[in-house]
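The values are calculated or read from the model by the stated rules, or taken from the named source; none is laboratory data. Remember, it's a predicted structure, so these values are computed and weren't measured experimentally. Here the Cβ positions follow ideal geometry from the backbone for every residue, glycine too, while neighbour counts run over all protein chains shown. Only protein heavy atoms, including side chains, enter the accessible area calculation; ligands, DNA and RNA are left aside. Shrake-Rupley method; radii C 1.70, N 1.55, O 1.52, S 1.80 Å.
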Amino acid sequence: MSNKQFDVLVIGGGPGGYVAAIRAAQLGFNTACAESNAYADPKGEPRLGGTCLNVGCIPSKALLRSSELFEEANHSFAMHGISAKGVSIDVPTMVGRKNTIVTQLTGGIRGLFKKNKVTGLNGHASFAGKEGELYKLKVGAEEVLAKHVIIATGSKPRHLDGIPVDNKVICDNVGALDFEAAPKRLGVIGAGVIGLEMGSVWRRLGTEVTVLEAMPDFLPFADQDIAKEALKLFIKQGLKISTGVKIGKVSVAKKGVTVEYEDKDGAKKLEVDKLIVSVGRIPNTDGLNGDAVGLKLNERGQVEVNGHCQTNLPNVWAVGDVVRGPMLAHKASEEGVMVAEMIAGQAGHCNFDTIPGVVYTHPEIAWVGKTEQQLKVEGIAYKPGKVPFMASGRALGHGDASGFVKVLADAQTDRILGVHIIGNNASELIAEAVVTMEFAGASEDLGRICHAHPTLSEIVHEAALACDKRALHF
């Protein structure tokens, strides 16, 4: 065994880990990042980027875009006077394009490591004790020492008892990205972000998609105005969605998968060619060996941290999906930057109240801050401003004016408490709301900013004006 010593050792090369490593190196620390072989490239080397770049955010968006173009060619071109006959899709080519993008981006992180002088360590990292003030860790066959350790081991799909995932017939997010052809019938257990996005991809390619959700309400984490509109639009598109479902026996045969379940109407049976299980994710602490140093986990299996991502151990930090809070790549990255700057003695910052959420369906759903139901429960007086995209000339020109923007402002101070969007490019439009809220802006502030015309962002402007009942175009 060789013995290497670092100022900062990051465990995990996902969005939280690789960003933390780069920022720590920028701040002058001798930094290393350990990554296992969870996602190996064709040469057998571990790929950086974690779940997000390899089997999550990036590949799913590539497939979503391909499926959107296919659906537009088949159903939307005609309104523009464009005739497209015999349009077909080659699924292996679509998946191959997705894989090329993944390879390009994961390789790009290695380039960033080289540029910033971050040492990449190949192998699973685990705690092995301490040597004085330094932590001893085993990385593959090597033993390394580090003054600071940042745990960024991410999460893994939660599976259900009695439903064996083989990522061939019964899939989690990994298998759902690599179908060789569009199945005739697809079942999805879980109407969360992953289930809806993957269901949308294959529905656009002609698959009959049925989504089974255990919760009684659709998208309970979203503002209920948004959730109701989304459910209406998704059903209109052809997704079959059932809520309040209790899953029973799941059996696999040569012809596919049979799911026995109960809903409000009683016992039912669903027969599909493939099944996606998307019932959330759990923190990944497998093989971390935190007991060797007394690392504390909470009842949910997450590494316990304070508001600055410090664990119960001195100089040991944790970020991303392995700690509390939403399992979002951008949240992990912000925490990674915060921790690196805290180690450097700076005032690291991550405002958990202004972390945006997005569902990349069509239309997209995006939000930041409080929902209307949260404000009611908390007894906070508010004033809403809600304007549909139907009022936007740009949206009408695009040929899709579905959805709306809702701004929620404090009734006394006018400070914006939440913004909720369902519509085209909601993922981009939400950034304006995040910036405004980060600077404690009011609906009047947003309403007095000149927005370019014609743009979709004008509806955000109109919704802000509507908080004081002075919308100009609706």
| request: Compute the separation of the alpha-carbon centres of the stretch 408-437 and the stretch 147-168 and state it in Å as a whole number. | output: 33
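Once the Cα gyration tensor of the stretch 365-474 is found, what semi-axes does its equivalent ellipsoid get, as square roots of 5 times the eigenvalues, in whole Å, sorted largest first? Before the final figure, lay out each step's value.
Values: eigenvalues 96, 39, 30 Å².
Sorted largest first and rounded, they come to 22, 14, 12 Å.
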| request: Report the GluC sites (Glu not before Pro) located in the stretch 79-159 that are in a DSSP loop and have at most 12 other Cβ atoms inside 10 Å of their Cβ, or state none. | output: 133
| field | Shape box of the stretch 124-258 [Cα atoms, principal axes, largest first, Å] | value | 63, 42, 28
| field | Difference of contour (0.36 nm per residue) and Cα-Cα distance, residue 103 to residue 78 | value | 5.4 nm
| query | If amide H atoms are built 1.01 Å from N in the plane of the peptide, which residues on other chains or at least 5 residues away come under 5 Å of the amide H of residue 305? | reply | 324
| With r defined as the distance between the Cβ atoms of residue 91 and residue 390 and R0 fixed at 41 Å, what FRET efficiency is calculated, to the nearest 0.05? | 0.70
| Magnitude of the charge dipole, the stretch 369-474, Cβ model with Lys/Arg +1 and Asp/Glu -1, debye to 20 | 260
| Which of the trypsin sites (Lys or Arg not before Pro) found in the stretch 30-62 are in a DSSP loop and have at most 15 neighbouring Cβ atoms, other than their own, within 10 Å? | 43
| request: Give, as ranges by residue number, the residues of the stretch 137-172 whose backbone N falls under 19 Å from the point 7 Å along Cα→Cβ of residue 299. | output: none
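Which FRET efficiency value, to the nearest 0.05, do you get for residue 37 and residue 380 by plugging their Cβ-Cβ distance into 1/(1 + (r/R0)^6) with R0 = 45 Å?
Values: r = 48 Å, r/R0 = 1.08.
Calculated transfer efficiency: 0.40.
So how strong a dipole does the stretch 150-287 carry about its Cα centre when Lys and Arg Cβ are +1 and Asp and Glu Cβ are -1, to the nearest 20 debye? Working shown, then result.
Numbers: 20 positive and 19 negative charges, 84 e Å.
In debye, rounded to 20, the stretch 150-287 gives about 400.
Within the stretch 260-325, report the GluC sites (Glu not before Pro) that DSSP leaves as loop and that have at most 11 other Cβ atoms within 10 Å. Intermediate results must be reported in sequence, preceding the final value.
Values: sites: 260, 262, 271, 299, 304; in loops: 299, 304.
Passing both the DSSP loop test and the Cβ count: 299.
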| request: Run down the lysines and flag those whose C-alpha is under 30 Å from the C-alpha of residue 136, throwing out any fewer than 8 positions away in its chain. | output: 4, 43, 114, 115, 117, 147, 156, 296, 331
| field | Cut-off 16 Å (backbone N to label point 7 Å along Cα→Cβ of residue 116), residues of the stretch 26-48 | value | 26-35, 48
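Expressed as a whole percentage, what fraction of the accessible surface of the stretch 306-442 belongs to carbon and sulfur atoms when a 1.4 Å probe is rolled over the protein heavy atoms? Each step should come with its number before you reach the end.
Details: 2920 of 5360 Å².
Answer for the stretch 306-442 is 55 percent, counting heavy atoms of protein chains only.
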| query | Fully extended, how many nm does the chain gain between residue 411 and residue 473 (0.36 nm per residue separation, minus their Cα-Cα distance)? | reply | 20.0 nm
| request: Find the eigenvalues of the gyration tensor of the Cα atoms of the stretch 294-364, then list the square roots of 5 times those eigenvalues as equivalent ellipsoid semi-axes, largest first, in whole angstrom. | output: 24, 16, 8
| query | How many angstrom lie between the C-alpha centres of the stretch 268-284 and the stretch 353-371? | reply | 23
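What net charge is computed for the residues neighbouring residue 442, neighbours being all others with C-beta under 9 Å from the C-beta of residue 442, Lys and Arg scored +1, Asp and Glu -1? Display every interim value, and only then the final one.
Working: positive: 415; negative: 410, 414, 444, 445.
Here the count lands on -3.
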| What number, in nm² with one decimal, is the all-direction average of the projected area of the convex hull of the alpha-carbon atoms of the stretch 251-408? | 17.0
| field | Pair-distance profile P(r), taking every C-alpha pair of the stretch 183-295, with 10 angstrom steps and integer % | value | 13, 40, 28, 12, 7, 1
| field | Eligible aspartates and glutamates near residue 246 by straight Cα distance, threshold 14 Å, same-chain separation 8 or greater | value | 161, 213, 217, 260, 262, 263, 265
| field | Between the stretch 196-222 and the stretch 285-349, the alpha-carbon center distance in angstrom | value | 32
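Take the Cα pairs of the stretch 343-426, get the Kirkwood Rh, then feed it into Stokes-Einstein at 4 °C and 1.567 mPa s and tell me D in µm²/s. Provide the component values of the computation, followed by the final result.
Values: Rh = 14.5 Å.
For these conditions, the coefficient is 89 µm²/s.
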| query | So if we plug the beta-carbon distance of residue 449 and residue 61 into 1/(1 + (r/R0)^6) with R0 = 35 Å, what FRET efficiency do we get, rounded to 0.05? | reply | 0.75
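To the nearest 500 deg cm²/dmol, what mean residue ellipticity at 222 nm is calculated for the chain from DSSP H runs of n ≥ 4 alone, each contributing -39,500 (n - 2.57), summed and divided by the residues?
Values: 13 runs with 148 residues, N = 474.
That comes out to -9500 deg cm²/dmol.
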| message | Suppose each label sits 7 Å from its Cα in the direction of the beta carbon; what would the residue 235-residue 130 distance come out to in nanometres? | response | 5.9
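Heavy-atom accessible area per residue, the stretch 1-144, 1.4 Å probe: how many Å²?
Value returned for the stretch 1-144: 48 Å² of accessible area per residue.
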| message | Take residue 400 and residue 306, extend 7 Å from each Cα along the Cα→Cβ direction, and tell me the distance between the two endpoints in nm. | response | 4.6
| request: Work out the length of the dipole vector of the chain about its Cα centre, built from +1 on the beta-carbon of each Lys and Arg and -1 on the beta-carbon of each Asp and Glu, and round it to the nearest 20 debye. | output: 840
| said: Please list log₁₀ I(q)/I(0) at q = 0.07, 0.08, 0.11, 0.13 Å⁻¹ for the chain, using the Debye equation with identical point scatterers on the alpha-carbon positions. | reply: -0.41, -0.54, -1.01, -1.31
| task | Please report, in whole Å, how far the alpha carbons of the stretch 1-57 spread along each principal axis, starting with the longest. | result | 31, 30, 14
| note | Protection proxy (average C-beta count within 10 Å per residue), highest first, orders 6-15, 285-294, 160-169 as 6-15, 285-294, 160-169
| note | Computed over the stretch 289-366, protein heavy atoms only, probe 1.4 angstrom, the accessible area per residue in square angstrom equals 42
